[in-house]
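For reference, the structure is listed below as structure tokens.
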Amino acid sequence: MASPITTERIGQDDVRRLPDHDRDLDHAREVVLRQGVDPEAVLVALGRFSLAAPSWALGTGGTRFGRFAGGGEPRCIEEKVDDVATLNALTGANRTISLHVPWDDPDDPAALRAYVTGCGLGFDCMNSNTFQDNPSTTREGEISYKFGSLCHTDPAVRRAAIEHNRHVVEVGEKLGSKALLVWLADGTNHPGQASFRRQFERTLESLREIYAALPEDWRIFTEHKPYEPAFYSTVNADWGTSLLLALGMGERAACIVDLGHHLPNTNIEQVVSRLAAVKRLGGFHFNDAKYGDDDLTVGSIHPYQLFLVFSTLLEHGDGSLPQIAYMIDQSNNCKDPLEDLIQATTNAQVALAQALCLNRPALEEAQSRNDAALAEELLHQAFRTDVRPLTAEARRRNGAALDPLAMFRAAGYRRAMIKARGESSTATGL
Ligand SMILES: [Mn+2]
């Protein structure tokens, strides 16, 4: 059904907000200029930034204790695409979708590609799934990922997992994607359950086979995670292992940093710097966390860390963001899924804008003089800049909303979707 959020409606809403916005923007420009940074360059960089929306986050997420559906959730891939198109209309910064197979395995990839293109969107990374059995590739009692997939002791299980990844690449090729993301649940729950050595060797061997079958213009990303669902050991547990796997595959293999996939207090921005330094940073799964892999809203718990991550990226890109995959990976069971994604995107825009407001030459100068106090002062100056008028302006220039969340609510998008899709519709895959 037609979205109540149209470019025209956004334009009308923005006009009403324009007088206040212009005043705020003038002030923000002045502040940024005084800090020795060109506000126009900040606006241009912000306008280019885009975060892929995950196909699995458009419905309310469940926990292992239960799931509370929100109503009006998308019932098929096309409705998920409609939701992302609405998200992108509001933010101007979610121009691609990251698809998950088999949760979203299209019957007709060519038709889906045409539909997505028609919505002004494209496809980002394809995500494979060997963390649960899938009736099309596994057979209960014979082939099961219960004890691992790419690392499994049984060659037939490894074969099924490799073939699944190849299938995901084939689907992705038809959709116009250029990368495969492999997150593995493979690991153990009990000391002695499996050999660390053999598990790693078998995983690398399986990944090499997937890599050898990749189309020439494709990349493959490994995503590490220290624990869960395995609670004693995980095969791809940390960035060091992820890097070893990428190096073991070849030049077109790189690592994904999911911000929630680190042990408590890990210096994630330093991990980012290391991977970028050896050209093996493939991209991000943005989210936030208080305790573990909490999949909370980007920038909601550790905004300073997010700022430092973006500052690190800008350092490696000599002031520009490196061309890697920027994706959201969130799950929540309290908010409207689209409102959560709007906040994730606008929070990421704020963190990026703050990082862009950092006076890099002054920081380098302070670092070369070992002036720790001034260096930190410069970071704080950038981090504490109220950049929201700049992010709003970047959205306005992209034809998106000055205030996406307010616009989403005022237009009654979810009410319209509940009417169209039903009160108890449940998004596929979750
Ligand atoms: Mn992830």
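Each reported figure results from applying straightforward, stated rules to the coordinates on display, with no laboratory input. Small disclaimer: the values here were computed from a predicted structure and weren't measured. For neighbour counting, all protein chains shown are included, and Cβ atoms are generated from backbone atoms with ideal geometry for every residue, glycine included.
Distant-in-sequence amide contacts of Ser98, defined by a placed amide H-H separation under 5 Å and a gap of 5 or more residues or a different chain, comprise Ala53, Ser55, Asp124. Where Rh is the Kirkwood radius over the Cα pairs of region 340-393, the temperature 4 °C and the viscosity 1.567 mPa s, what D in µm²/s does Stokes-Einstein return? Diffusion coefficient, whole number: 108 µm²/s. Packing here is the average count of other Cβ atoms within 10 Å per residue, and on that basis the peptides 319-327, 364-372, 119-127, highest first, run 119-127, 319-327, 364-372.
Dipole size of region 320-377 about its Cα centre, with +1 on Lys/Arg Cβ and -1 on Asp/Glu Cβ: approximately 120 debye, rounded to the nearest 20. The alpha carbon centroids of region 98-151 and region 64-85 are separated by 17 Å. The shape of region 160-222 can be summarised by an equivalent ellipsoid whose semi-axes, obtained from the alpha carbon gyration tensor, come to 27, 11, 9 Å from longest to shortest. Stretching the chain fully between Val15 and Leu244 yields a gain of 77.2 nm (0.36 nm per residue, less the alpha carbon separation). Mean projection of the Cα convex hull over all viewing directions, computed for region 314-365: 4.4 nm². Add +1 for every Lys or Arg and -1 for every Asp or Glu among the other residues with Cβ under 13 Å from the Cβ of Cys119, and state the total. Charge balance near Cys119 sits at -1.
Along region 235-251 the Karplus relation, 6.51 cos²θ - 1.76 cosθ + 1.60 evaluated at θ = phi - 60°, assigns HN-Hα couplings of 4, 9, 7, 8, 5, x, 5, 4, 5, 4, 5, 5, 5, x, 8, x, 4 Hz to successive residues, with x for each Gly and Pro.
Counting pairs of Cα atoms in region 120-171, how many percent are more than 18 Å apart?
Looking at region 120-171, the distances longer than 18 Å represent 30 percent of pairs.
Remark: the chain is approximated by an ellipsoid whose semi-axes, taken from the C-alpha gyration tensor as √(5λ), come to 36, 28, 18 Å, largest first. Shown in residue order for region 330-337 are the 3J(HN,Hα) couplings computed by the Karplus curve 6.51 cos²θ - 1.76 cosθ + 1.60 at θ = phi - 60°: 10, 8, 9, 10, 10, 9, 4, x Hz (x for Gly and Pro).
Note on the chain: lysine pairs with Cα distance below 25 Å, sequence gap of 8 or more or different chains, count 11. Region 193-237 and region 379-430 have their alpha-carbon centroids 36 Å apart.
Relative to the current alpha-carbon distance between Ala212 and Gln193, full extension at 0.36 nm per residue lengthens the span by 3.8 nm. When a/c is below 1.5 the answer is rounded, else prolate if a/b is larger than b/c, else oblate, so apply that to region 134-247 with a ≥ b ≥ c taken from the square roots of the Cα gyration tensor eigenvalues. Cα axes put region 134-247 in the oblate bin.
When peptides 94-101, 72-79 are ranked by their average number of other Cβ atoms within 10 Å per residue, the highest-first order is 94-101, 72-79. With both bridge residues required to lie in the chain, what share of the DSSP beta bridges run antiparallel, to the nearest 5%? If I count the DSSP bridges inside the chain, around 15 percent turn out antiparallel.
Go ahead and run the numbers for FRET between Cys76 and Ser368, Cβ-Cβ distance against an R0 of 35 Å, rounding to 0.05. The computed FRET efficiency comes out at 0.05. Rg and Dmax of region 245-331, based on Cα coordinates, read 12.7, 36 Å. Modelled spin-label separation between Phe68 and Tyr232, with each label point placed 7 Å from Cα along the Cα-to-Cβ direction: 3.7 nm. Each listed q (0.15, 0.16, 0.19, 0.20 Å⁻¹) maps to a log10 I(q)/I(0) for region 89-188, found by the Debye formula over equal Cα scatterers with no solvent: -0.63, -0.69, -0.88, -0.94. Extent along the principal axes, Cα only, for region 36-164: 61, 38, 36 Å, with the longest axis given first. Applying a DSSP loop filter and a limit of 14 other Cβ atoms within 10 Å to the chymotrypsin sites (Phe, Trp or Tyr not before Pro) in region 177-259 leaves Phe231, Tyr232. Taking N as the residue count of region 300-430, its C-alpha radius of gyration divided by 2.2 N^0.38 Å amounts to 1.33. The mean sequence separation of alpha-carbon pairs under 8 Å and at least six residues apart, normalised by the residue count of region 214-258, gives a relative contact order of 46 percent.
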